[in-house]
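Participant: To start, I am sharing the structure in question, which I have written as structure tokens.
The values are calculated or read from the model by the stated rules, or taken from the named source; none is laboratory data. What you see is a predicted model; the values in this text were computed from it and never measured. Note that each Cβ is placed from the backbone with ideal geometry, even for glycine, and that neighbours are counted across all protein chains shown.
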Amino acid sequence: MNSPLAEPDIPVITIDGPSGAGKGTAAAAVAGELGFHLLDSGAIYRVAALHALRSNADLTVESSVLQTFSSMRATFEPGGADGVAAKLDGEDVSTQIRSEQAGNAASQVAVMPEVRIALRDAQRAFRVAPGLVADGRDMGTVVFPDAPLKIFLTASTRERALRRAKQLKDKGITANIAQLAQAIAERDDRDASREHSPLSRAGDAISIESSSMSLEEVVERILTAWNALG
Ligand code: C5P
């Protein structure tokens, strides 16, 4: 992956939480306000999983997935509908990585400890001046444990299902709220119960429960916490 070298004293704001809590949108807005770089760590897992799928790896066997990484040529730039333009071997895969198949494959390879270690340096390389906003599951606990500001963003399962349904509706897709809520609960369970880097709140993270908050209110809360650091 093609990022410049990281510097440990460059500030990082981490935003962790379950899927559908609005981490990506909030992270992009905060990064935009502060002029910081953006790391959508889920996109890294999604691209790695897509590459493994395309390379016919057996996604249940860690060594098979790891083998494909030596030939992975992935780049990430700001842009695209989801805030990150991802390329694999020069091809824009920003849309493909958002598919259900890529999401499931990502959460399958994300349980593998050596895969997580292999992708950790690629994530840390995004720590470039003047600063970084990183969203994911283990940004504050594992990847950037020294981040000066850590946020744990949550929302109720029902609220996350409603938000997802709205996103799908905007794309012309009708969804069943109960089924969406069930899929979200299953993904939460997988992310929180895995052995390595499970989704968990860092002890020094600020919790924001966003069920009844607008995006603007969430962003305002994060920026206020950032400014309070002086
Ligand atoms: O956030 P997103 O839904 O794009 O992430 C896809 C999958 O990648 C998640 O379900 C999770 O299993 C995994 N992931 C992870 N650690 C991160 C980001 C994502 O394990 N920091």
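Participant: Regarding F36, is this residue more than 16 Å from the ligand (Cβ to nearest atom), modelled with pLDDT of 90 or more and buried (at least 18 other Cβ atoms within 10 Å of the Cβ)?
Facilitator: Values: more than 16 Å from the ligand (Cβ to nearest atom): yes; modelled with pLDDT of 90 or more: yes; buried (at least 18 other Cβ atoms within 10 Å of the Cβ): yes.
Against the criterion (more than 16 Å from the ligand (Cβ to nearest atom), modelled with pLDDT of 90 or more and buried (at least 18 other Cβ atoms within 10 Å of the Cβ)), F36 qualifies.
Participant: Output the residues belonging to the range 163-188 that are surrounded by 12 or more Cβ atoms within 10 Å (Cβ to Cβ) and within 12 Å of the ligand (Cβ to nearest atom).
Facilitator: R164, A183, I184, R187, D188
Participant: Check R116 against each of (1) touching a Leu at 6+ places or on another chain (Cβ under 6 Å); (2) under 25 Å from V12 (Cβ atoms) and name the one condition it does not meet.
Facilitator: Exception for R116: condition (1).
Participant: Of all residues in the range 95-119, which are near the ligand (Cβ under 9 Å from one of its atoms) and β-branched (V, I, T)?
Facilitator: Residues satisfying the conditions are I97, V109, V111.
Participant: A48 is checked against (1) within 15 Å of the chain's Cα centre (by Cα); (2) over 22 Å from G17 (Cβ atoms); (3) within 16 Å of the ligand (Cβ to nearest atom) and fails just one. What number does that condition carry?
Facilitator: Going through the list (1) within 15 Å of the chain's Cα centre (by Cα); (2) over 22 Å from G17 (Cβ atoms); (3) within 16 Å of the ligand (Cβ to nearest atom), A48 breaks only (2).
Participant: Which fully enclosed helices (runs of 4 or more DSSP H) of the range 125-230 have 2 or more residues being within 20 Å of A28 (Cα to Cα)? Steps first, please.
Facilitator: Values: elements: 157-170, 177-193, 215-228.
Correct list: 157-170, 215-228.
Participant: With the condition kept exactly as written, say whether any residue in the range 199-214 is crowded, with 18+ Cβ neighbours inside 10 Å, of a type in the set (A, V, I, L, M), touching a residue at least 60 places away in the same chain (Cβ under 8 Å) and out of contact with any Asp or Glu (no Cβ under 9 Å at 6 or more places or on another chain).
Facilitator: Within the range 199-214 (the criterion being crowded, with 18+ Cβ neighbours inside 10 Å, of a type in the set (A, V, I, L, M), touching a residue at least 60 places away in the same chain (Cβ under 8 Å) and out of contact with any Asp or Glu (no Cβ under 9 Å at 6 or more places or on another chain)), the answer is no, since none of the residues qualifies.
Participant: Being of a type in the set (K, R), out of contact with any Asp or Glu (no Cβ under 7 Å at 6 or more places or on another chain) and touching a residue at least 40 places away in the same chain (Cβ under 8 Å), is that true of even one residue in the range 163-174?
Facilitator: yes
Participant: Which of the residues spanning the range 9-25 are assigned to a helix (DSSP H, G or I) and buried (at least 24 other Cβ atoms within 10 Å of the Cβ)?
Facilitator: Answer for the range 9-25, where residues must be assigned to a helix (DSSP H, G or I) and buried (at least 24 other Cβ atoms within 10 Å of the Cβ): just K23.
Participant: Still on this model: So the check is Cβ under 6 Å with 6+ separation or different chains; which pairs have a first residue in the range 37-58 that's in a loop (DSSP other than H, G, I, E, B) and a second one that's not aliphatic (A, V, I, L, M)?
Facilitator: S55/T68; A57/S64; A57/T68; D58/S64
Participant: For the range 67-88, check the following and say yes or no: at least one residue is in a helix (DSSP H, G or I), away from the ligand (no atom under 11 Å from the Cβ) and of a type outside the set (F, W, Y).
Facilitator: Taking the range 67-88 first, the residues in a helix (DSSP H, G or I) are 67-69.
Still in the list and also away from the ligand (no atom under 11 Å from the Cβ): 67-69.
Subsequent filtering for residues that are of a type outside the set (F, W, Y) retains 67-68.
Checked against the condition, which is being in a helix (DSSP H, G or I), away from the ligand (no atom under 11 Å from the Cβ) and of a type outside the set (F, W, Y), the range 67-88 yields at least one hit.
Participant: Next question, about the same structure. Is it fair to say K150 is of a type in the set (K, R), more than 30 Å from A228 (Cα to Cα) and modelled with pLDDT of 90 or more?
Facilitator: When the stated conditions are applied, K150 does not pass them.
Participant: Taking the stated definitions as given, is D92 free of Cβ contacts under 8 Å to residues at least 24 places away in the same chain and within 15 Å of the ligand (Cβ to nearest atom)?
Facilitator: Details: free of Cβ contacts under 8 Å to residues at least 24 places away in the same chain: yes; within 15 Å of the ligand (Cβ to nearest atom): no.
No.
Participant: Out of (1) assigned to a strand (DSSP E or B); (2) surrounded by fewer than 16 Cβ atoms within 10 Å (Cβ to Cβ), the odd one out for S63 is which?
Facilitator: Unmet condition: (1).
Participant: Identify, please: which residue in the range 215-224 is touching a residue at least 24 places away in the same chain (Cβ under 8 Å) and either within 16 Å of F36 (Cα to Cα) or of a type in the set (S, T, Y) (or both) and is, among those, surrounded by the most Cβ atoms within 10 Å (Cβ to Cβ)?
Facilitator: Residue satisfying both the conditions and the ranking: I222.
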